[in-house]
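Note sheet for the following structure.
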Number of protein chains: 2
Amino acid sequence: MSALSLDLRQRTSQNTHGNENTDKQTTGPSIQTSASDTDEDDLPVKPSKPMANQTQSSDVLDNALKDLSPRWRNWMIRGIFTWVMILGFAVLIYFGPLALVLVTFALQIKCFHEIITIGYIVYRSYDLPWFRTLSWYFLFASNFFFFGESMIGYFGVLLARTDFLRPFVTYHRFISFSLYTAGLVGFVCSLVKKHYLKQFTLFGWTHVTLLLVVTQSHFIVQNVLEGLVWVLVPVSMIICNDIMAYMFGFFFGRTPLIKLSPKKTWEGFIGGAFSTIIFGIILSYCLIQYDYFVCPVSYDESKESLSMECERSHVFLVSQYALPETIRAFFKLLGIQKTTVSIYPFVLHSIAMSIFASVIGPFGGFFASGFKRAFKIKDFGDTIPGHGGIMDRFDCQFLMATFVHVYYSSFIKVLNPQNIVQTVMMLKPEQQLQVFMMLRDKLTQRGLLDNTTASI
Amino acid sequence: MSALSLDLRQRTSQNTHGNENTDKQTTGPSIQTSASDTDEDDLPVKPSKPMANQTQSSDVLDNALKDLSPRWRNWMIRGIFTWVMILGFAVLIYFGPLALVLVTFALQIKCFHEIITIGYIVYRSYDLPWFRTLSWYFLFASNFFFFGESMIGYFGVLLARTDFLRPFVTYHRFISFSLYTAGLVGFVCSLVKKHYLKQFTLFGWTHVTLLLVVTQSHFIVQNVLEGLVWVLVPVSMIICNDIMAYMFGFFFGRTPLIKLSPKKTWEGFIGGAFSTIIFGIILSYCLIQYDYFVCPVSYDESKESLSMECERSHVFLVSQYALPETIRAFFKLLGIQKTTVSIYPFVLHSIAMSIFASVIGPFGGFFASGFKRAFKIKDFGDTIPGHGGIMDRFDCQFLMATFVHVYYSSFIKVLNPQNIVQTVMMLKPEQQLQVFMMLRDKLTQRGLLDNTTASI
């Protein structure tokens, strides 16, 4: 994994915008380049660069496309790999939620690697003792914590059945804390007088990366486990918004949107938003026809296997909504007596997600864009030919996933009676009875329960 | 709050250890001082410095002590303020848990201020647009999230009764996320081309500070709410360990312990550990005699007020422990037929806490020490005369609080039947009944329940 492609701006000094206002005067880390702030990031085309570690498939492609101009060749490569990624995503969906969790995990590690490598180069930390080892160790410790939490949340009862795993379930937080503390002690012991500043800077760098990558990819995993639709729809929305904003901007773009990304226009922004909303509604409507997409992953005790079947949550069942007065009046004029409309609640929720994907989502991209400029790099890596690093494709996805996670747990997730019963079952027998009695008393007190419970 | 005392090492160039191996060659932020790495941090004596913003009480003191040599004057000031702090802590305990929560909150804000101010100076960010505003905004947003979570966890049912507060309880995470996202958007919008690098560096700085200060002070608050003893004992342990390690080191210290703090010795380390264990046992034994210290804060529905009474948790009730075989044999030799011993479990747990306080706790201090050296500052501030900033006194307390929190939730906290019933009561009536029925079926199935429940 030593391959890295920090194409410091030196390489991309073509296409400058005449702005030589570089960061030379900053007191922060200095990379000795006479770099200028290009606006490369917003160009869908990037100059291809012969690189030792380019993947073989792209070598073959390079060969096949060698007669095209570099600009067109890159259009082609980028286009082909866009489809490769979309296809790969579809295959993943076919293989189901656990495959998706594993791939999220792998991508997360790659994103971490990309960002850490940038820190490693920016701060020229080649001779820092233990820095890489410690970074990877912290990644391990935080993943142990977060993924453990997810797994215990969903499969706790199942995992606790295995003798070997039970202590890991019971003492998960304590073990995680011990792992992390060991890393902290290791960091303190690795401090070397002449490197203090570098070491603390990189400690901060590692932790911000963990905060950004591990916590947010953990939200993706949780979304997957709540039902494939909670990942599939938002991921597609971001892709749709990217493409449509580019198209609208290309054809109608006049008014610049934000200084950070001079290629972005208001026309692209608004066109992208509308397209995303419509696309989101259609996609949502199609997907929620299938149980496979709407059911959370659960462990079926009777079949002793993971199940993708469920009793549908209310958001995936058609509901009657009262029409607003104005629309009702309009229908009356047309001679239609319609006072309610039948919609899947999820379709309405998809509009909220579309709005976030197209209004706030791009700020994830602007943030990444600013970050790359701050450290004078063009891409986070060169993992995907024509696209850059994994982080270049994931910048908006992370923020979106966090939004969906928070949205889901605030507005959709209902405290599942089944989960509560499961929690009670993890208590000692006498406590289980205590809960039962207290509950009986409370419910009787509230008049919900009398001695003949069956009558309710 | 503009007062700050970043006594860059220029001022403390006396007492150097002849090591001129400075960080000049690093690529990180450079403060133009010909500073040398002194080992001041470990000296209990610090040169007093006339400062405009010194508190009035300390001015009076300075005057009263003006005939003493600077060294002795500082010993006195430091000693007096040690007692002022211990007394203040005792008064706080008297005023009860809510006062302690409020003070934790205030101290947390001060710690944040101290660390942010260092970043502000180190990176010379005087002309950065919005940096301070954004930092404080992120502090507000993350406190809103964390303290909200605590309050909802403990007083959710109570808070949800007030019409005004109910939406804040129900949508707390969504509101927090929106607040944070607004900050992120604000940050992206505040980016200015020539300051990218500084702005991202300070963004990272702010977030690491939040991670360190807000999350950990949030753990202190949770410990307070679980019972005063969970704060009182660990805080005292750290203080005891500091003092005793210093005393043992002073009288018996020979073998250096760690390069980072050349004044620390193995003798001090071991002596401190033993003293802390014994001190912890005695203090624990004394405190747990009173309900005031062992009861969690709870809302008494019948009295409609906060209550400090409770049915004691099992860790605060005397238990019989079987003696190990060897000790039993030893007792037999003495003619004593003793096979069990009666101890409060909490006293045993206090030993685990003492060990952490004296073995791992100091690493919190080493970490802070290294941080101060990395950025060439002597103290985090000058809030407490003779001691430095609040952070200088809190470095180990934070790590300790996190340990206690994790320890408590892993080994002590039992899923409280009362809490589960409370959770059920927040469901819709028909779901409450559903839980009841499912529970009844499960318990009957397991043979824990038959029709005559009273017989169990």
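The values are calculated or read from the model by the stated rules, or taken from the named source; none is laboratory data. The structure presented is a predicted model; accordingly, all values stated were derived computationally and were not measured. Cβ coordinates were reconstructed from backbone atoms using ideal geometry, including for glycine residues, and neighbour counts include every protein chain displayed. When the accessible area is computed, the model is the full protein with side chains, heavy atoms only, and any ligands, DNA or RNA have been set aside. Shrake-Rupley method; radii C 1.70, N 1.55, O 1.52, S 1.80 Å.
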Practice prompt. List every residue pair whose Cβ atoms sit under 9 Å apart, with the two residues 6 or more apart in sequence or on different chains, where the first one lies in the range A:318-331 and is free of Cβ contacts under 8 Å to residues at least 12 places away in the same chain and the second, anywhere, is of a type in the set (Ser, Thr, Tyr).
Written response: A:Arg328/A:Thr339; A:Phe331/A:Thr339
Worksheet item: List pairs: first in the range A:98-124 and closer than 19 Å to A:Leu225 by Cβ, second polar (S, T, N, Q), Cβ under 6 Å, 6+ apart or cross-chain?
Response: A:Thr104/A:Ser217; A:Gln108/A:Ser217
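Restricting attention to the range B:118-133, which residues are open to solvent by 50 Å² or more (accessible area, probe 1.4 Å) and modelled with pLDDT under 85?
The initial filter retains those residues of the range B:118-133 that are open to solvent by 50 Å² or more (accessible area, probe 1.4 Å), namely B:124, B:126-127, B:130, B:132-133.
Those that are open to solvent by 50 Å² or more (accessible area, probe 1.4 Å) and modelled with pLDDT under 85: B:Arg124, B:Tyr126, B:Asp127, B:Trp130, B:Arg132.
Would it be correct to say that A:Val421 is within 7 Å of chain B (Cβ to nearest Cβ), at pLDDT below 85, under 33 Å from the mean Cα position of the chain (by Cα) and outside any strand (DSSP E or B)?
Working: within 7 Å of chain B (Cβ to nearest Cβ): yes; at pLDDT below 85: yes; under 33 Å from the mean Cα position of the chain (by Cα): yes; outside any strand (DSSP E or B): yes.
Yes.
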Response to the item:
Scanning the range A:152-174 residue by residue, those in contact (Cβ under 8 Å) with a residue 12 or more places away in the chain, of a type in the set (A, V, I, L, M, F, W, C), open to solvent by less than 50 Å² (accessible area, probe 1.4 Å) and closer than 20 Å to B:Phe411 by Cβ turn out to be A:Ile152, A:Ala160, A:Val169
Response to the item:
Scanning the range A:98-133 for residues that are over 21 Å from the mean Cα position of the chain (by Cα) and small (Gly, Ala, Ser), the one farthest from A:Arg393 (Cα to Cα) turns out to be A:Ser125
Worksheet item: Looking at (1) in contact with a Phe, Trp or Tyr (Cβ under 7 Å, 6 or more places away or on another chain); (2) within 14 Å of chain A (Cβ to nearest Cβ); (3) under 30 Å from B:Lys263 (Cβ atoms), which is the only condition B:Leu179 fails?
Response: (3)
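Somewhere in the range B:218-227, is a residue within 12 Å of chain A (Cβ to nearest Cβ) and within 26 Å of the chain's Cα centre (by Cα)? Explain how you work it out, then say what you get.
Initially, the range B:218-227 is screened for residues within 12 Å of chain A (Cβ to nearest Cβ), giving B:219.
Then keep just the ones that are within 26 Å of the chain's Cα centre (by Cα); that gives B:219.
The answer is yes, given that some residue of the range B:218-227 is within 12 Å of chain A (Cβ to nearest Cβ) and within 26 Å of the chain's Cα centre (by Cα).
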Worksheet item: Does A:Thr444 count as assigned to a helix (DSSP H, G or I), within 7 Å of chain B (Cβ to nearest Cβ), of a type in the set (Val, Ile, Thr) and open to solvent by 40 Å² or more (accessible area, probe 1.4 Å)?
Response: no
Response to the item:
Listed by range, helices (runs of 4 or more DSSP H) wholly within the range A:291-410 having at least 2 residues that are touching a Pro at 6+ places or on another chain (Cβ under 8 Å), away from every other protein chain (no Cβ under 12 Å) and open to solvent by 20 Å² or more (accessible area, probe 1.4 Å) are none
Worksheet item: Looking at (1) more than 8 Å from chain B (Cβ to nearest Cβ); (2) farther than 19 Å from A:Ile116 by Cα; (3) open to solvent by less than 20 Å² (accessible area, probe 1.4 Å), can you tell me which one A:Leu202 breaks?
Response: (2)
Item to complete: For the range B:231-238, state whether one or more residues are surrounded by fewer than 20 Cβ atoms within 10 Å (Cβ to Cβ), hydroxyl-bearing (Ser, Thr, Tyr) and modelled with pLDDT under 90.
Response: no
Fill in: Test for A:Leu210: is it buried (at least 19 other Cβ atoms within 10 Å of the Cβ) and touching a Ser or Thr at 6+ places or on another chain (Cβ under 9 Å)
yes
Discussion item. I'd like to know if the range A:141-148 contains one or more residues that are outside any helix (DSSP H, G or I), among the aromatic types (Phe, Trp, Tyr), more than 14 Å from chain B (Cβ to nearest Cβ) and open to solvent by 40 Å² or more (accessible area, probe 1.4 Å).
Written reply: no
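Looking only at the range A:280-307, which residues are aliphatic (A, V, I, L, M) and touching a residue at least 60 places away in the same chain (Cβ under 8 Å)?
The initial filter retains those residues of the range A:280-307 that are aliphatic (A, V, I, L, M), namely A:281-283, A:287-288, A:294, A:297, A:306.
Residues satisfying the conditions are A:Ile281, A:Leu283, A:Val294, A:Val297, A:Leu306.
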Item to complete: Give the residue, chosen from B:Trp136, B:Trp83, B:Trp75, that is over 25 Å from the mean Cα position of the chain (by Cα) and open to solvent by 60 Å² or more (accessible area, probe 1.4 Å).
Response: B:Trp75
